[in-house]
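The values are calculated or read from the model by the stated rules, or taken from the named source; none is laboratory data. Note that this is a predicted model, so its numbers are computed, not measured. Virtual Cβ from ideal backbone geometry, glycine too; neighbours counted across all protein chains shown. What goes into the accessible areas is simple: the full protein's heavy atoms, side chains included, and nothing from ligands, DNA or RNA. Shrake-Rupley method; radii C 1.70, N 1.55, O 1.52, S 1.80 Å.
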Amino acid sequence: MNNTTPLTKGERTANRVLDAAETLFARKGYEGTSLREIAKIVGIKEPGLYRYFTNKEELYRKVLERGLRPLADRLDQLISEQPSPHQMTELPLAMIDLLAEHPDVAILLQQALASGRNLGPGETDLVSEWLEELFERGKRLMRLSGFDELDDTELVLRVVNFFNLCAGFFSAQHVIDKLSNKSSSQEMVIERQKQLLTRIIQIWLIV
């Protein structure tokens, strides 16, 4: 029996706003996205957005929170379980599945890493805070998993590369779609990416 409480009409609309905002922020950036464009995609007037979000910065914050909080929670869970190297090989599988729920958020973070500059008054601190939060959790997880002999530079390199292996898959999705067999389903491609990631992590993280 499914005990999930049905969403109200307002909650469904708010989720549609978040979906539209996530897509546009990833495609056009924070500054290049307007609330009017988001409202048009959702099918409401711009003033209607303010029933759910006070301004564009709050909307951006909610987009990031929705997409990244599950990742942070998963890392916290692993940290609390006294992680082992074996658990680290399972982490990319969980991360890919979580990022697949909101792939455009992964693209936002990749853009932030690639830019090396301030992204915009409402965007910079929010993205930087999330990147730092996730990377700090990743560093702590690796140390607890038995890699405490690594110096800070090696540790950071492994965490950043791990993140890029997971998030970069979604940033390069259009290239994958273009170059790979069109008959392959999205679920099949994601599964094969997880298999490849597991082998890579076993090589450079465990061995």
> Which one of these is open to solvent by 60 Å² or more (accessible area, probe 1.4 Å) and of a type outside the set (A, V, I, L, M): LYS40, LYS56?
Replying inline: LYS40
>> Can you tell me how many residues within segment 75-99 are assigned to a helix (DSSP H, G or I) and either among the polar types (S, T, N, Q) or surrounded by fewer than 17 Cβ atoms within 10 Å (Cβ to Cβ) (or both)?
In response: 10
> open to solvent by 20 Å² or more (accessible area, probe 1.4 Å), within 13 Å of the chain's Cα centre (by Cα), farther than 16 Å from PHE163 by Cβ and in contact (Cβ under 8 Å) with a residue 40 or more places away in the chain: does that describe ARG66?
Replying inline: yes
> For segment 162-175, what are the residues that are surrounded by 15 or more Cβ atoms within 10 Å (Cβ to Cβ) and either hydrophobic (A, V, I, L, M, F, W, C) or free of Cβ contacts under 8 Å to residues at least 12 places away in the same chain (or both)?
Replying inline: PHE162, PHE163, LEU165, CYS166, ALA167, PHE169, PHE170
>> Taking the condition of being over 20 Å from LEU64 (Cβ atoms) and part of a loop (DSSP other than H, G, I, E, B), how many residues in segment 38-50 meet it?
In response: 3
>> Just to verify a result, which residue in segment 1-37, among those that are assigned to a helix (DSSP H, G or I), surrounded by fewer than 19 Cβ atoms within 10 Å (Cβ to Cβ) and β-branched (Val, Ile, Thr), is farthest from the chain's Cα centre (by Cα)?
In response: THR13
> Hey, PHE53 hits all of (1) part of a loop (DSSP other than H, G, I, E, B); (2) closer than 21 Å to PHE163 by Cα but one; which does it fall short on?
Replying inline: (2)
